[in-house]
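Asker: Below you'll find the structure I mean.
The values are calculated or read from the model by the stated rules, or taken from the named source; none is laboratory data. The structure displayed is predicted, hence computed values, not measured ones. Every residue, glycine as well, gets a Cβ built from its backbone with ideal geometry; the counts of neighbours run over all protein chains shown.
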Amino acid sequence: MASEAAAFAYAARRLRRGWRSGELLILALALVVAVGAMSAVSLFFGSMREAIARQTGDTLGADLVFRSRNPIADETLEAIDASGVRRLPAVTFVSVIVSGEVTALASVKAVAEGFPLRGKLRVTDEPFGPAREPGRIPASGEAWVDLRLWQELGLAAGTEVQAGAQRFRVTALIVEEPGRGFGFTDLAPRLLINQADLAATGLLGPGARAQYLQLVTGDADALERASAVVLPGNVKRESPQEAQPELMQSVRRSYDFLVIARLAATLLAAAAIALCAWQWGLKLRDEVALLKCLGARTGYILRAFMLMLLMIGLAGTAAGAVVGYGAQQVLALMLENVMQVTLPQPALAGPLLRAGGLTLILLFGFALPSVLEACATSPIRVFQRDARSAARLLPMLAAVAAVAATLWLQVGQWLGAAIILGGIAAVAVILGVLAWLLVRALAPLKRAVGTSWRFGLGNVARRRWSTVAQTVALGQALLALLLVTIVQQDLLASWRAKLPPDAPNQFLINIQTAQLEPMREFFAARGLPAPQLWPMARGRLTHLRGTVLRAEDYPDDPRMQWWINRDVNLSWSDRLNDDNEIVAGEWWGEAGAGRPLLSVEDSVAEMLQLKLGDTLTLDFAGTPVEFTAHNFRKVDWGSLRPNFFLLAPPGVLGDAAAAQWLSSFYLPSDRRALLRELIRDFPNVTVLDIEALMGQVRSIMDRIVGAVEFVFLFTLAAGLTVLLATIEGTRDERVREAGLLRALGARAGVVTRGLIAEYAVLGLLAGTVAAVAAQAIAWLLAEQVFQIPYGLRPALWAAGAGAGAAIVTLLGWLSLRGTLKTPPHVVLRGTT
Amino acid sequence: MTAAVIAKDVRKEINSLDGAGAPSLKILRGVNLEVAPGATVAIVGASGSGKTTLLSLLAGLDSPTAGEIHLAGTRIDTLAEDDRAGARAGTVGFVFQSFQLLSGFTALENVMLPAELAGLDDARGRARDALARVGLAERLNHYPHQLSGGEQQRVAIARAFAGGPKILFADEPTGNLDTATGARIIDLLFELNAQHGAGGATLVLVTHDEQLARRCNRVLVLKDGVLNG
């Protein structure tokens, strides 16, 4: 009796002799693409998330910051140290700084040697002078100040300033300070000193209001442990993700892009595998019948073919994993250059296991059903070619289950998987109906064209159902390719366009109402467009729905405490910025003027558990104003434009609040000297230069876009695999027909042109239906997932049809090129 | 001695494709046959008379609508398809009109198959010998498409004998060959059969070829679904 070893030997020999056959090669290729895409994205995204956390860590000055109003208790510090991180203390507090006769309120920061733990401190010797990295902190007796304090105190290099009881010599001007943050709330001017001088100032006596910080850095595991340390209520933990929401939003969105790219690649690969396996299964029938004739039992045949699949699977997974790992390295390199961090080596075990799992699902879900079907072939087929096994339910169910499992593996949730599955089925049906209508419309044309085209169109019309099936398969593949192009070009471009090159890169704060006109004149005189201006008042939230708010009532909600303890900014306008979107209630427009209404950012509304119509009282320097919540807004903080948690209609505050103004404008880098004139003419105005931050966000976006485009290469490869599989599937039939036609006297040119005509028509049909579907899906994705405006693209239809015809014709011609030269008798003898 | 092949009142009907209502097509209407071990039998008849159907039933490739079939002492009409395959392994050899070689395998690998499936030792050695006996010792590693029609049929004959079968079924073995090649193939078939084991294998062949039919001990004519000797 034939043993396992014999089945293995048969499988190995069969594979050695038959791997060059089109189906198995494409099947293996599809596996490589699927596994490659899956492992590249998992490996890469793990590293990227880490890298971006590190980069945002640079802006925070640490990987984690612990913050408290009192010195952090020793046991808490011990618990933090026990997690294996490196820790550096810092203290900030507000104090009056004196220089000669001039005084200014400044935020003093005392730091220890080693600051910052992440990112770079950069200083200069004169305002807007060339920046350098000092590589140290101020020495004892030295102080470094930011531009604003420099302006306010009218300093020059070497001037002495006094903080409390201690005198400091100003030796540098701070250009960039990690941990300074970016926001409109924490903008007191900075005085940076050495912690060794802190005691001598005598400013931190009992009752002093200070922030005690512990800056922390370490490897991922240590940081994870430090993030899990249980903290007393007065200690707040800050992570980079919280520090830079605009970056994290970009990162999350990039992950959406990557998942779509990977999903498309996997589904296409699955389709290619199913197609190849189906064609392979058809070819296996003769072999199965013969083997059964020669005495092989079904079990033996099944074992042999399954072993073949496993061998292909093993090779495909190994090659796919290598490709995925290589791709991850390329992606990592792309990011490392711009982020100037070494990406951590990704953990391999998880992604590899998942890749193996994917292979098993793809092979046994998509390929095995066809093999099972082939194994059921009756041996009588050796005499009766049309003897076939009845279609069975099990393989169909297996395929559906496999699609669902693949989607679940990719999407991570059943509902999402079910929606996509339904979407694919719906698209297939729509493509099928469109294709059928088009085929019918084409039929009368064949009488009006030449011989070659009559042959080509005749084939399309004659094989109507096969044409429809092929159009659906080709259409799905072309659809994916078109989607790739759309997502890449349109959606990514729209995303990038959210931060156009001329986006405002300078903010001016503290502008007094009386300075508005001179400010406009200043810009006009220098040929710059008038800057946009936002009024701003600072008020404290005192009552909610008529009840007094007290921070101690919210011991577990640090954000709420922060809101109660600090003045918050409120602006007013009758126009809604386009990076704002009303999610509840209505915008007041001009009709709101003078009414005490409030528009609240949705996360704040959620924190305060607000409902429309609730009242909130804000105290503006002793004058309380009661507002009614009129609408909630979603704000795109990623736009890096001035935005406010709270907005009111114009004319409500009147004299109640001493209004300041905020402005933003774009300043080309070659005109930065203008800032010096600006602070000379408006000494109280603070310039906030976010060019560096924007550059950082933009470069990360660019790299992410590059990474997404790179991952889409897998999708492209998978799409082409499906196209190849579809064309390869009908190759034999076309070769036979071409041979017959040539035997009947048709010239090779006529046959070739006929085939090209047929492929061109098929491609045209598939491309047209795919373009229509791609347009619809892109619109859905843009509106629902990425929230980017998206319009109709008529050019895409033409491009889809043209590209479809070109690609399918080219692949078809490549696939048949060799056989068209073969003598007809060889073709007809069936031995090609 | 047990007969090599026994058929008792074998009937085969096929349901009409039109489905319900239409009468079924009666291909075999009660065939009776007994073939002694080592005998050579030719089944002849007009095209469409059911010769190939009878051959496939006798070899257990299909099951009859009614009747009994015994193959080398085993009743096979009651067996499932898989068990019939098991009964064929190492017992039955085939020669087909269209050669039925696996295109991806070399001549040697094609000939090795039956011995491997029957779990016999030294399948490679047996295959090499068999190919040498059909005069293809020099073409072991050629693929079917590199061989002529006559050579392909010789490979098929080598394959038929390599597994050491007791019974050999041949379906129009010369049908795809020109007269001269066909004659050489017939010679080869009978020559090998004569050399094969004690008294040779039982040979049951279906043919149109009168020359071939005359070489057999018995010639049976299939007409109107009934076999006449």
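Asker: Within the bounds of the stretch A:153-162, is there any residue that is in contact with a strand residue (DSSP E or B) (Cβ under 7 Å, 6 or more places away or on another chain) and on the phi > 0 side of the Ramachandran plot?
Answerer: The answer is yes, given that some residue of the stretch A:153-162 is in contact with a strand residue (DSSP E or B) (Cβ under 7 Å, 6 or more places away or on another chain) and on the phi > 0 side of the Ramachandran plot.
Asker: How do the strands (runs of 3 or more DSSP E) wholly within the stretch B:39-102 filter down when requiring 1 or more residues that are touching a Pro at 6+ places or on another chain (Cβ under 6 Å) and more than 8 Å from chain A (Cβ to nearest Cβ): which remain?
Answerer: In the stretch B:39-102, the matching strands (runs of 3 or more DSSP E) lie at B:92-95.
Asker: Further question on the same structure: Taking residue B:170 and the conditions (1) buried (at least 23 other Cβ atoms within 10 Å of the Cβ); (2) within 13 Å of another protein chain (Cβ to nearest Cβ); (3) part of a helix (DSSP H, G or I), which numbered condition does it fall short on, given that it satisfies the others?
Answerer: (3) is the only condition that residue B:170 fails.
Asker: Here's a follow-up. Filter the stretch A:269-296 down to residues that are more than 13 Å from chain B (Cβ to nearest Cβ) and either over 21 Å from residue A:471 (Cα atoms) or in contact with a helix residue (DSSP H, G or I) (Cβ under 6 Å, 6 or more places away or on another chain) (or both), then give me how many there are.
Answerer: Of the residues in the stretch A:269-296, the ones more than 13 Å from chain B (Cβ to nearest Cβ) are A:269-279, A:281-282.
Filter again for either over 21 Å from residue A:471 (Cα atoms) or in contact with a helix residue (DSSP H, G or I) (Cβ under 6 Å, 6 or more places away or on another chain) (or both), leaving A:269-279, A:281.
Final tally of qualifying residues: 12.
Asker: Here's something else I'd like to know. Is it the case that some residue within the stretch A:755-767 is surrounded by 22 or more Cβ atoms within 10 Å (Cβ to Cβ), of a type outside the set (Gly, Ala, Ser) and either in contact with a Ser or Thr (Cβ under 6 Å, 6 or more places away or on another chain) or assigned to a loop (DSSP other than H, G, I, E, B) (or both)?
Answerer: Yes: one or more hits.
Asker: Any residue at all in the stretch A:543-551 that's touching a strand residue (DSSP E or B) at 6+ places or on another chain (Cβ under 8 Å), within 18 Å of residue A:621 (Cα to Cα) and without any contact (Cβ under 8 Å) to a residue 24 or more places away in the chain?
Answerer: Looking through the stretch A:543-551, at least one residue is touching a strand residue (DSSP E or B) at 6+ places or on another chain (Cβ under 8 Å), within 18 Å of residue A:621 (Cα to Cα) and without any contact (Cβ under 8 Å) to a residue 24 or more places away in the chain.
Asker: Let me ask you something else. Keeping to the stretch A:627-642, report how many residues are assigned to a loop (DSSP other than H, G, I, E, B) and surrounded by 19 or more Cβ atoms within 10 Å (Cβ to Cβ).
Answerer: Adding up the residues that qualify gives 3.
Asker: Among residues belonging to the stretch A:353-387 that are hydroxyl-bearing (Ser, Thr, Tyr) and assigned to a helix (DSSP H, G or I), point out the one that is farthest from the other protein chains (Cβ to nearest Cβ).
Answerer: The qualifying residue farthest from the other protein chains (Cβ to nearest Cβ) is A:359.
Asker: Can you find a residue in the stretch A:193-202 that is under 20 Å from residue A:124 (Cβ atoms) and either at pLDDT 85 or above or in a loop (DSSP other than H, G, I, E, B) (or both)?
Answerer: Yes: the stretch A:193-202 contains one or more residues that are under 20 Å from residue A:124 (Cβ atoms) and either at pLDDT 85 or above or in a loop (DSSP other than H, G, I, E, B) (or both).
Asker: Give just the number: which of (1) within 14 Å of another protein chain (Cβ to nearest Cβ); (2) more than 21 Å from residue A:300 (Cβ to Cβ); (3) among the small types (Gly, Ala, Ser); (4) in contact (Cβ under 8 Å) with a residue 40 or more places away in the chain does residue B:118 not satisfy?
Answerer: The failed condition is (2).
Asker: Return only the number of the condition from (1) more than 10 Å from every other protein chain (Cβ to nearest Cβ); (2) buried (at least 23 other Cβ atoms within 10 Å of the Cβ) that residue A:260 does not satisfy.
Answerer: (2)
Asker: State the number of residues belonging to the stretch A:527-550 that are in a strand (DSSP E or B) and either among the basic types (Lys, Arg) or touching a His at 6+ places or on another chain (Cβ under 9 Å) (or both). I'd like the intermediate steps shown before the answer.
Answerer: We begin by selecting, within the stretch A:527-550, every residue in a strand (DSSP E or B); these are A:532-544, A:547-548.
Filter once more, keeping what is either among the basic types (Lys, Arg) or touching a His at 6+ places or on another chain (Cβ under 9 Å) (or both): A:538, A:540.
Qualifying residue count for the region: 2.
Asker: Here's a follow-up. Give, as residue ranges, the strands (runs of 3 or more DSSP E) completely inside the stretch A:116-165 that count at least 2 residues that are surrounded by fewer than 20 Cβ atoms within 10 Å (Cβ to Cβ).
Answerer: Qualifying strands (runs of 3 or more DSSP E): A:122-124, A:160-163.
Asker: Residues in the stretch A:660-672: is at least one buried (at least 19 other Cβ atoms within 10 Å of the Cβ) and small (Gly, Ala, Ser)?
Answerer: Taking every residue of the stretch A:660-672 in turn, at least one turns out to be buried (at least 19 other Cβ atoms within 10 Å of the Cβ) and small (Gly, Ala, Ser).
Asker: Would you be able to tell me the number of residues in the stretch A:736-750 that are surrounded by 23 or more Cβ atoms within 10 Å (Cβ to Cβ) and of a type in the set (A, V, I, L, M)?
Answerer: 1
Asker: Go through (1) within 13 Å of another protein chain (Cβ to nearest Cβ); (2) of a type in the set (Val, Ile, Thr); (3) out of contact with any Gly (no Cβ under 9 Å at 6 or more places or on another chain) and name the single condition residue B:27 misses.
Answerer: So the condition that residue B:27 fails would be (3).
Asker: Among the numbered criteria (1) acidic (Asp, Glu); (2) closer than 22 Å to residue B:52 by Cα; (3) free of Cβ contacts under 8 Å to residues at least 12 places away in the same chain, which single criterion is violated by residue B:172?
Answerer: Failed condition: (3).
Asker: Sort out which residues of the stretch B:121-149 are within 10 Å of another protein chain (Cβ to nearest Cβ) and in a loop (DSSP other than H, G, I, E, B), and write them in order of number.
Answerer: Selection gives B:143, B:147.
Asker: Also: Residue B:226: of a type in the set (Val, Ile, Thr), farther than 21 Å from residue B:2 by Cβ and modelled with pLDDT of 90 or more, yes or no? Walk me through how you get there before you give the answer.
Answerer: Details: of a type in the set (Val, Ile, Thr): yes; farther than 21 Å from residue B:2 by Cβ: yes; modelled with pLDDT of 90 or more: yes.
Criteria met by residue B:226.
Asker: Would you check if there is a residue in the stretch A:334-349 being in a helix (DSSP H, G or I), at pLDDT 65 or above and more than 30 Å from residue A:120 (Cβ to Cβ)?
Answerer: Yes - at least one qualifying residue is present in the stretch A:334-349.
Asker: Any residue in the stretch A:457-485 that's in a helix (DSSP H, G or I): show its pairings with residues that are aromatic (Phe, Trp, Tyr) and surrounded by fewer than 23 Cβ atoms within 10 Å (Cβ to Cβ) at Cβ separation under 8 Å, as long as the two are six or more apart or on different chains.
Answerer: A:464/A:436; A:468/A:436
Asker: Condition first: buried (at least 22 other Cβ atoms within 10 Å of the Cβ) and in contact (Cβ under 8 Å) with a residue 40 or more places away in the chain. Can you find one or more residues in the stretch B:78-87 that meet it?
Answerer: Looking through the stretch B:78-87, none of the residues is buried (at least 22 other Cβ atoms within 10 Å of the Cβ) and in contact (Cβ under 8 Å) with a residue 40 or more places away in the chain.
Asker: Going by what's in this entry, would residue A:449 be described as crowded, with 21+ Cβ neighbours inside 10 Å and either more than 14 Å from every other protein chain (Cβ to nearest Cβ) or modelled with pLDDT of 75 or more (or both)? So that I can check it myself, show each step before the final result.
Answerer: Numbers: crowded, with 21+ Cβ neighbours inside 10 Å: no; either more than 14 Å from every other protein chain (Cβ to nearest Cβ) or modelled with pLDDT of 75 or more (or both): yes.
Answer is no for this residue.
Asker: Now for a different question. When you scan the stretch A:498-526, how many residues do you find that are β-branched (Val, Ile, Thr) and in a strand (DSSP E or B)?
Answerer: Total satisfying the criteria: 2.
Asker: Look through A:690, A:777 and report the one residue that is closer than 30 Å to residue A:105 by Cβ, surrounded by fewer than 24 Cβ atoms within 10 Å (Cβ to Cβ) and either at pLDDT 80 or above or within 37 Å of the chain's Cα centre (by Cα) (or both).
Answerer: Just one listed residue meets the conditions, A:690.
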